[in-house]
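What follows is one structure encoded as structure tokens, with my remarks underneath.
Where a number appears in this text, it was derived from the coordinates with a stated rule and is not lab data. Just so it is clear, the model here is predicted, and its values are computed rather than measured. As a convention, Cβ positions derive from the backbone with ideal geometry for all residues, glycine included, and neighbour counts pool all protein chains shown.
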Amino acid sequence: MNERFERELMRGSLDLMVLSVLADGANYGYLIQKRVRDVGGDMIKLQAGTLYPLLHRLEADGAIRSKWDHSTGRKRKWYELTAAGRRRIRTQAAQWDRYTACIQQLLTPALAALPVK
């Protein structure tokens, strides 16, 4: 049951996580994946098979743009936020804050009412 709950949480917040990483500046896929893993630890298991379709969707939505670069000797696709992506992260961050505040208001009294074992 815990794994399912974690998957659902991740599924609902991945866009916001990736946009947050890109708010710090342009990055390529592996660095985005690494940043999310570094922050999320064992809880966030972001696989390449999940990340790249997400990046393609965000690009199709106009939230990010990409460009190829081979100046390091290795061809990499770099992603960066667009103006629409910056607006989107602000909107989603506000929605996330309201959502988590609601959950916290419900959880606090519920947890206090549970017997201690």
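Residue-wise test of (1) surrounded by fewer than 15 Cβ atoms within 10 Å (Cβ to Cβ); (2) touching a residue at least 12 places away in the same chain (Cβ under 8 Å); (3) more than 22 Å from residue 96 (Cα to Cα).
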| site | (1), (2), (3) |
| --- | --- |
| 15 | no, yes, no |
| 32 | no, yes, no |
| 38 | yes, no, no |
| 42 | yes, no, no |
| 46 | no, yes, no |
| 63 | no, yes, no |
| 79 | no, yes, yes |
| 82 | no, yes, no |
Going through segment 68-93 in order, the residues found to be charged (D, E, K, R) and over 13 Å from residue 29 (Cβ atoms) are 86, 87, 88, 90
Given the conditions (1) of a type outside the set (Lys, Arg); (2) in contact with a helix residue (DSSP H, G or I) (Cβ under 9 Å, 6 or more places away or on another chain); (3) over 20 Å from residue 91 (Cβ atoms), every one holds for residue 64 apart from (3)
The residue that is surrounded by the fewest Cβ atoms within 10 Å (Cβ to Cβ), considering only those in segment 17-30 that are of a type in the set (Ser, Thr, Tyr) and part of a helix (DSSP H, G or I), is 30
Condition set surrounded by 12 or more Cβ atoms within 10 Å (Cβ to Cβ) and not basic (Lys, Arg), scope segment 65-77, selection farthest from residue 19 (Cα to Cα): answer is 69
Being touching a Gly at 6+ places or on another chain (Cβ under 8 Å) and within 22 Å of residue 4 (Cβ to Cβ) narrows 111, 107, 51 down to just 51
- Task: Scan segment 100-114 and give yes if some residue there is within 20 Å of residue 53 (Cα to Cα) and in a helix (DSSP H, G or I), otherwise no.
- Result: no
Over segment 1-15, the set of residues part of a helix (DSSP H, G or I), of a type outside the set (Ser, Thr, Tyr) and farther than 12 Å from residue 55 by Cα is 2, 3, 4, 5, 6, 7, 8, 9, 10, 11, 12
